Amino acid sequence: MKKLAVLCALLPAVPSLAKKPAPDPMGPASVAVTPQILDAIAEEMNRDMSQLEIPGAPKPYHISYKITEVDVNNVSASLGEPLARQNRHFVNLEVRVRVGSPDLDNSNFVVAEATEINGTATQNLPLEATPALAKRVAWLTTDAAYKEALIQLQAKLEARRAGSVRGSDAPSLAPTKPVVGEDPVLVPALESLDELEARVKTLSAVFRDHPELRDSRVAATSYVERRWYLTTEGTSVTDTRRASGIVMGAEGQADDGQLVHDYFLRYGHTAKDLPSDKDLEAEAKKLAESVKDLAKAPLFDHYSGPVLFEGEGAVGMVRATLAANLGGTPLPEGLNPQEAKQYGGALTEKVGLRVVAPLLSIVDDPTAKDADGKALIGGYRIDDEGVTAQKVEVVKDGMLKTLLTSRTPSAKGQVSNGHARVPGDGGAFRGSATNLFVMGRGGSSRRALEGQVVAMARAEGMKYGLVIRRFDDAAVTGAPEFTRRELFQMIKSTDQELPPPATLAYRVYPGGKEELVRGVQLAEVPMRSWKDVTAVSTEKTVYNFLAPFESQLQLRLTGGTEEEFVPSGGIEASIVTPDLLFKELDVSGSRAGVRPLPVVEKPGK
Amino acid sequence: MRTILLIGLVACGPVAGERTPAKPLPPLPSRATALHLDLEPVPAKIVTTSSTPTEDAASDKKSPVLDTLAAENTREIEVLKAQPEGARAYYLAHQVIETRVVSLEAEGGALTVDTDDTQRNLDTDVRIGSPALDNTHPISDDTNGLNSPYQRRGMIPFDDDKESLAHAVWLDTDRRYHEAVNALAYVRQDQATLSKHSKEPDFSAEPAEGYVEAPTKLEFDKALWIERLKRCSAKALRGSATRGTCGVVFQLNTSYFVNSEGSKVQQSWTNAQLSVSVGVKADDGMNLSRLEQRFGRTPADLPADAEVDKMISLVTTDLDALHDAPLADPYVGPAILEGRAAGVFFHEVFGHRVEGHRQKDVTGGQTFASYVGKDIAPEWLSVYDDPQIVTLNGIQLNGFYRFDDEGVRARHVPLIDHGKLVGFEMGRNPINGFPHSNGHGRKSAGYPPVARQGNLVVEASKTVERKQLEAMLIDQIKKQHRKFGMIFTDISGGFTNTTAFAPQAFKVNPVMAYRLYPDGKKELVRGIDISGTPLVALQSILAASREIESFNGVCGAESGWVPVSASAPSLLLEKLEVEKGFIPPDRAPILGAPSVRKP
C-alpha cells in the first residue's frame, strides 16, 4: 500500500516534470586546485604564521589566503560578423597579512604616496596541480605581504600619533567562527566559444536591417569563478560562482549631432537563465527602434519636480544613489574626502534613525538564488573573508537597523554579516550589497503611479511629469568617440557625484501621452532624498549586473570595459525593486556627446 | 608627450618633459686628436641572405578584404577631398592587421599560461590640409599630446563580409576625420603664434605599391610544446632561482594596407619566440633575473632541446653567479661591449637618434640633425639598417619585413659610412635633405607610424680577433692607470632621452658586467648602469672584433612595439661611464624556501 500511495502521488507530477528543461550538466571540479594543493599551501601558511619574523618587528597575528580560479569565454560581434573571441583561464593566490593585534593592526589605512602598500600580495598559480610550486608561490607571496604589512602598520601608527588621520576606537578585525567546507561546489559547464559565437552572430545580424544606426555590438560571456579561503584561524572553505550574460548596445546620432545610446543587458547563472534566442531577437529589434527614436527625440531642458523611476530606471536609481551607502565598513584612514566618496558612508552614523521613506524596507540576501522565478547572480555561500553569507534586514519601515559589514568593524562589538566583497584602498574588504531587495508597502500599479507623477507635477504648476526607465551604463556604451583633448577636458569638468545620464526618459502629460526626451541628467541625489519616496509599484524588477571596479567616468574615458569588449569584469550583483516615485528631484538637459555629423554617407544607406 | 622606448623586456627610450630651447651641441673631438690603435684591414665577417620586397608575390592569392578596403577608401576620399578648405582631406589610408597570438608558458614544471587569441585591428590615417602642413604637424606646447590622435583599438570584424567591413571602415574614418579637422585648426593657430617653425613638409610623396603575399599558416604541435616547456622550466628552477619559466609566443600576422594614392599591399607572415627566464631576489633586495631568447620565422625555427638545455645552463649559471656577485661602484674607464651587448648599445645610443622624425621635433634634441657628412665615428666603422635581410651569419633576423606600415617598400639605408653620418631611417615624414621615405615607417596596431629601426648592422672594415680585443683592453687599463676595465656581455635594454628638455643622455642596463684586471682575472659585478652621451660614446670606440653577434628583440616607442635586430662586432671603447643602478629598498625572503617533501 505504501508503495502504491507513493506511485499515485508521483503520477500527476510526471507531465509537469516533462516540461521542465533538463538541468545543465555539471562541469568538472578544478584540476588546478586540488586537495593536495590546498594541503601544500596550508602547510606553508602555518609555517609562515609560526616562523615569519623580522627581529624587532611584530610577527603576523593573522594570515588569510584567497585562491581564485577563473575560466571565462567571451565573444562579441557586429552586424553578424565576429569582432573578438577569447578564452581566459588563470589561477591566483591573494595573501593578506595582518600585524599588530585585532585591536589595532595595519589594515584599512592608505599609505601616503604609496597606496599600493596594503599588506596584500598576489601571484599566479599554475593551471595544473603542482604542490611544490604552489608552496613556493605561497612562501614568496606571504613574504611580500608581510613586509608590506609592517610598512603599513608603521605608517598608520605614525599618522595617528601625528594626528594627521582621525583614529577610531573600533577594533581592526572582528572575530568570527572558523568555517570548514571543503567539498567542491560543482556548477554547470561553460557555454562553449562556438555556442556563444553563434548566438552573437545571429543577434548582431538583426542590426543590419537598421542602417540609421551609427554602431551596434552584441557580446556574450560565460564564466566560472572557483574560490578557496584559508585562514590561520582554521577556516578552510570553498565556493563557486557561475554566470552567463548577453549584452547588446547600439548608437545613433541626433540631427544636432548628439550621440545617443541604448543597451540591453541580462545575466543569469547559465545561458538557460537568459531570454530565449527568439526573445533576444525581439529585444534586438526593440533596441534598434529605441535608438532611432532617441535620435529623433527633443533635447531635454531643466526640470525640478516629481520623478518616477520605472523598471530598470528604479534599479539604476538604487544602484547609483543608495546601494553604496549601505556598506558599514569604516572609510580607509588616510584617504582624502573626495576619494572617500566612492565608498558611500552616508549612513554610518545613522543606525537606529529613519533614513528612507517609512514605506520602504531593504534586505540584502546573498543566500537567495532567485526572485520571482528569475535567477539572482549576486549571491554566494562564503564572502571574500571566508565568512558565511547572511541575510540582513538593513532597513525596516524606513528605519536603519544595521549596515552590511565585513570583518573591519566601525564600532566595538560589530561583527561581519558576511558581506565582504569589494577590496578598498588600504587593503580591507568592504561590506557591500549583494542581492539587494528594496520592498515597498502599499504599492500601486505602474499605470496608477504614472497618473500620480503627472498629478503631482500639475499640482506644482508643471505641464508634465518625468518618468525614467533606464540609466546609462558606461561599461556597455562607453564608445571611443572622443578626441584626446575632449577626454582631458571631461576629466576636469565632470562632476563625479552625479548619477549616470538617463538613457530612456519620458515626459508624461495628462491623459497619458508620453514623449521620449534625450540628454537627461539628474543632479546629485543626496541620501536624504530617499525620505521623499512617496509611492511604489506592485510590480517588481529583478535585475542582474556586474558592478565594474572602475567609476562610470573612468569607463567613459577608456571606452567601456576591456576596449569595447563584453563586460565580464566586475562583481556580480542583483537588485530587486519596485518602481519608485520621488517627490522632487532636480534634472537638467545635457548636450554632452555632441559630435559633428558624418560627412560621408554610411555605406549602403 | 612622454614616450618610452623599449627593447627586449626593459625600458629604453626617449622621454620628454617640458620644452626648453635646444642647447648647442658639444664639439666633437677631431680625428687628429682622437686615440688610434693599429687594426688589421680585415673586415668583420658578415654574410647575409635577403629577400626583396616584391619577391614571393602571389597576386592570385589576394583576399577580398583588400578590395573591400580599397573600394570604401575610394568612396570616402572622393567625398572628403571635396570638403571646404580647412576640412579637406588630401590623403586617406586604411590598414587592417589580423594577429593570432599563441602564448604558452610553464614555471617550475607546470603550465601557467595557455592562451590563443586572434584580433583584427583597423587603423585609419586621414590627413587634412596639404602635404606642406597638415593635421599631424606637432604643435609647440603639447606636453600631454592633446593634438595627437587618441590611441584606441579600431574594431573591425573577422571574415570577408563586405557590409560589416565597409561599415567598420566608415565609422573609424568618420571618427578620425573629425579628430583630424580639429587637430589642423590647432596646428594653424599654433603656426600663427610661433616666431619660427619647421619648414619641412609633413608628408612625402611616394609611389603607389601593389603587392600580394599568399596567406601563410601557423603550424605547431601544441601538446609537444607544452611538454617541452614543462621540462624546460623544471630544469630552470634550480640553484638560487626562485622563479624559472620557459615560454613561447607564436604569431600569425596578416596585414592589408590601402591608401588613396592607389597602394594595395597584402602581407602574411609568422614569427616565433622562445624565452628561458630565471630570477631571484638578492640579499640586498635587488631583483636579479637572466633571460635568454631565441627568435625564428616559424615555430620550427626555434632551437631543439639540446640548444634549450644550453640556454638553461647559461641562465642558471649566470643567475647563481649574479646572486653571489658584489655590487659595483661608479666607474669611468676603458670597456668592451661584447657582440650582442654592442648591438643593443648601438640600437639605443645611435639607432633611435637617427630615426628621421626626431630631427625636426621642436621639442627634441635633434642630436644628429646638423652632422650629416661629418665624422661621428672611427673611419673604419659603418652602420646601416636593412629590413630586407633574412639571415645574418646564419641567424634569422627579427627586423625583416617587405613593406612598412605606410605601404612603402623596405630599403637598405646607409647611416654611417666610414665614420661619416650619411642618412636617417625615414618614414613619410620628411626632413631637411631627406625628402622621401626609405620604408621605415613602422608601428603596432592602434598607433600612428613613425620612423623606426629594422635590422641595424654595425660593420667594421678593420678588426682584430676577439681574444686580441681583451689584450687591448688590458693595455688601455695600464695606459689609463686604472685598477681594472669593464666587459659587458649582456645588456637587457635601456632608455635614451631625445628631447631637448633633459640631457641628451642614454642609460643602458647591463645584466652581465665583469671587471677585468690587468692580470687577466675577471670578476662579475652587479647593480650598475652604463650612461653617457651618444656623440662622445661613438667617438670613444677604439677597436672592433672580427666576429659579429646579433641581438633579436622587440622595441617599444611612441608607435608601439616592433620586432627589431641589432648586429655588431664586439667593441673596445676608450672610456665608458658606469653609475650605480636603482635597487629597490627590499631584502631577500625572510624564511628559507619551503621543503618540498614532508619530514
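The values are calculated or read from the model by the stated rules, or taken from the named source; none is laboratory data. Just so you know, these numbers come straight off a predicted model, no measurement behind them. All Cβ positions, glycine included, derive from the backbone under ideal geometry; neighbour counts span all protein chains shown.
Quick grid of which residues meet (1) more than 8 Å from chain A (Cβ to nearest Cβ); (2) in contact with a helix residue (DSSP H, G or I) (Cβ under 8 Å, 6 or more places away or on another chain):
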| position | (1), (2) |
| --- | --- |
| B:ALA110 | no, yes |
| B:GLY129 | yes, yes |
| B:ILE139 | yes, yes |
| B:THR143 | yes, no |
| B:LEU146 | no, yes |
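Here A:PRO306 fulfils each of the conditions (1) assigned to a loop (DSSP other than H, G, I, E, B); (2) surrounded by 21 or more Cβ atoms within 10 Å (Cβ to Cβ) apart from (1). Whenever a residue of the range B:503-514 is closer than 21 Å to B:VAL536 by Cα, its partners that are in a loop (DSSP other than H, G, I, E, B) and of a type in the set (Ser, Thr, Tyr), lying with C-beta atoms within less than 9 angstrom and at least six residues away or across chains, give the pairs B:PRO503/B:THR533; B:GLN504/B:THR367; B:GLN504/B:THR498; B:GLN504/B:THR533; B:ALA505/B:THR533; B:PHE506/B:THR533.
In the set (1) polar (S, T, N, Q); (2) more than 18 Å from the chain's Cα centre (by Cα); (3) under 30 Å from A:ASN106 (Cβ atoms), the condition left unmet by A:THR434 is number (2).
Screening A:GLY56 with (1) without any contact (Cβ under 8 Å) to a residue 40 or more places away in the chain; (2) within 12 Å of another protein chain (Cβ to nearest Cβ) gives one miss only, at (2).
Looking across the range B:293-330, just one residue is within 24 Å of B:LEU237 (Cβ to Cβ), surrounded by fewer than 19 Cβ atoms within 10 Å (Cβ to Cβ) and touching an Asp or Glu at 6+ places or on another chain (Cβ under 7 Å), and that is B:LEU314. For the range B:373-389, filtered to residues that are assigned to a loop (DSSP other than H, G, I, E, B) and among the aliphatic types (A, V, I, L, M), the residue that is nearest to B:LEU421 (Cα to Cα) is B:ILE376. Every condition in (1) at pLDDT 95 or above; (2) over 16 Å from A:GLY27 (Cα atoms); (3) surrounded by 24 or more Cβ atoms within 10 Å (Cβ to Cβ) is met by A:SER236 except one, and the failing one is (3). Within the range B:78-93, if we keep just the residues that are among the aliphatic types (A, V, I, L, M) and buried (at least 16 other Cβ atoms within 10 Å of the Cβ), the residue that is farthest from the other protein chains (Cβ to nearest Cβ) turns out to be B:ALA93.
For A:THR115, state whether it is among the hydroxyl-bearing types (Ser, Thr, Tyr), away from chain B (no Cβ under 14 Å) and surrounded by fewer than 20 Cβ atoms within 10 Å (Cβ to Cβ).
Values: among the hydroxyl-bearing types (Ser, Thr, Tyr): yes; away from chain B (no Cβ under 14 Å): yes; surrounded by fewer than 20 Cβ atoms within 10 Å (Cβ to Cβ): yes.
Taking the combined requirement at face value, the residue satisfies it.
Scanning the range A:125-144 for residues that are within 7 Å of chain B (Cβ to nearest Cβ) and either on the phi > 0 side of the Ramachandran plot or out of contact with any helix residue (DSSP H, G or I) (no Cβ under 6 Å at 6 or more places or on another chain) (or both) yields A:LEU127, A:GLU128, A:THR130, A:ALA132, A:LEU133, A:ARG136, A:LEU140, A:ASP143. Exactly one residue out of A:ARG518, A:ARG507, A:ARG528 is more than 22 Å from A:PHE264 (Cβ to Cβ), crowded, with 18+ Cβ neighbours inside 10 Å and of a type outside the set (Asp, Glu): that is A:ARG507. The residue that is modelled with the lowest pLDDT, among those in the range A:93-137 that are assigned to a loop (DSSP other than H, G, I, E, B), among the acidic types (Asp, Glu) and more than 26 Å from A:ALA29 (Cα to Cα), is A:GLU113.
Before we move on, is B:VAL258 assigned to a strand (DSSP E or B), in contact with a strand residue (DSSP E or B) (Cβ under 6 Å, 6 or more places away or on another chain) and without any contact (Cβ under 8 Å) to a residue 60 or more places away in the chain? If you could, list the steps in order and put the result at the bottom.
Details: assigned to a strand (DSSP E or B): yes; in contact with a strand residue (DSSP E or B) (Cβ under 6 Å, 6 or more places away or on another chain): yes; without any contact (Cβ under 8 Å) to a residue 60 or more places away in the chain: no.
The answer is no for B:VAL258.
When A:LYS147 is tested against (1) farther than 30 Å from A:ASP277 by Cα; (2) away from chain B (no Cβ under 14 Å), only condition (2) is not met. Annotation note: Cβ proximity below 8 Å between a residue of the range A:420-433 that is crowded, with 24+ Cβ neighbours inside 10 Å and a residue that is assigned to a loop (DSSP other than H, G, I, E, B) and of a type in the set (A, V, I, L, M) (sequence gap 6+ or interchain) occurs for A:ALA420/A:VAL387; A:GLY426/A:VAL110; A:GLY426/A:LEU335; A:GLY431/A:LEU403. Say we look at the range B:530-551 and pick out the residues that are out of contact with any helix residue (DSSP H, G or I) (no Cβ under 9 Å at 6 or more places or on another chain) and not β-branched (Val, Ile, Thr); which of these is farthest from B:GLU40 (Cα to Cα)? Going through the qualifying residues, I end up with B:SER531. Among the candidates A:ARG47, A:ARG88, the residue that is within 11 Å of another protein chain (Cβ to nearest Cβ), in contact with a strand residue (DSSP E or B) (Cβ under 9 Å, 6 or more places away or on another chain), farther than 29 Å from A:GLU158 by Cα and surrounded by fewer than 20 Cβ atoms within 10 Å (Cβ to Cβ) is uniquely A:ARG88.
Does any residue of the range B:159-174 turn out to be outside any helix (DSSP H, G or I) and at the interface with chain A (Cβ under 8 Å from one of its Cβ atoms)?
If we filter the range B:159-174 for residues that are outside any helix (DSSP H, G or I), which is where we start, we get B:159-161.
Now narrow it down to the ones that are at the interface with chain A (Cβ under 8 Å from one of its Cβ atoms): B:159, B:161.
Yes, the range B:159-174 contains at least one residue that is outside any helix (DSSP H, G or I) and at the interface with chain A (Cβ under 8 Å from one of its Cβ atoms).
Can you name every residue in the range B:276-311 that is farther than 17 Å from B:GLY581 by Cβ, in a loop (DSSP other than H, G, I, E, B) and of a type in the set (Gly, Ala, Ser)? Across the range B:276-311, the qualifying residue is only B:ALA304.
Residues that are more than 17 Å from B:GLU338 (Cβ to Cβ) and surrounded by fewer than 21 Cβ atoms within 10 Å (Cβ to Cβ): does the range B:463-473 have at least one? The answer is no, given that none of the residues of the range B:463-473 is more than 17 Å from B:GLU338 (Cβ to Cβ) and surrounded by fewer than 21 Cβ atoms within 10 Å (Cβ to Cβ).
Can you find a residue in the range A:159-180 that is of a type in the set (Ser, Thr, Tyr) and under 30 Å from A:MET26 (Cβ atoms)? Can you show your working first?
From the range A:159-180, those of a type in the set (Ser, Thr, Tyr) are A:164, A:168, A:172, A:176; that's our starting set.
Applying the additional criterion that residues be under 30 Å from A:MET26 (Cβ atoms) yields none.
For the range A:159-180, residues of a type in the set (Ser, Thr, Tyr) and under 30 Å from A:MET26 (Cβ atoms): absent.
Only one residue in A:GLY327, A:GLY311 is more than 16 Å from A:ASP532 (Cα to Cα), small (Gly, Ala, Ser) and buried (at least 23 other Cβ atoms within 10 Å of the Cβ). Which one? It would help to see each step written out before you state the result.
Working: A:GLY311 fails: buried (at least 23 other Cβ atoms within 10 Å of the Cβ).
After applying the criteria, what remains is A:GLY327.
Exactly one residue out of B:LEU69, B:LEU104, B:LEU111 is touching a Leu at 6+ places or on another chain (Cβ under 9 Å) and farther than 30 Å from A:ALA129 by Cα, and it is B:LEU69.
Would you be able to say whether some residue in the range B:542-550 is of a type in the set (S, T, N, Q) and part of a helix (DSSP H, G or I)?
Initial filter on the range B:542-550 (of a type in the set (S, T, N, Q)): B:545, B:550.
Remaining after also requiring part of a helix (DSSP H, G or I): none.
No, the range B:542-550 contains no residue that is of a type in the set (S, T, N, Q) and part of a helix (DSSP H, G or I).
The test for being of a type in the set (Asp, Glu), surrounded by 22 or more Cβ atoms within 10 Å (Cβ to Cβ), more than 14 Å from chain A (Cβ to nearest Cβ) and within 31 Å of the chain's Cα centre (by Cα) does not hold for B:GLU206. Would you point out the residue of the range A:574-605, among those that are among the charged types (D, E, K, R) and touching a helix residue (DSSP H, G or I) at 6+ places or on another chain (Cβ under 9 Å), that is farthest from the other protein chains (Cβ to nearest Cβ)? Here the answer is A:LYS583.
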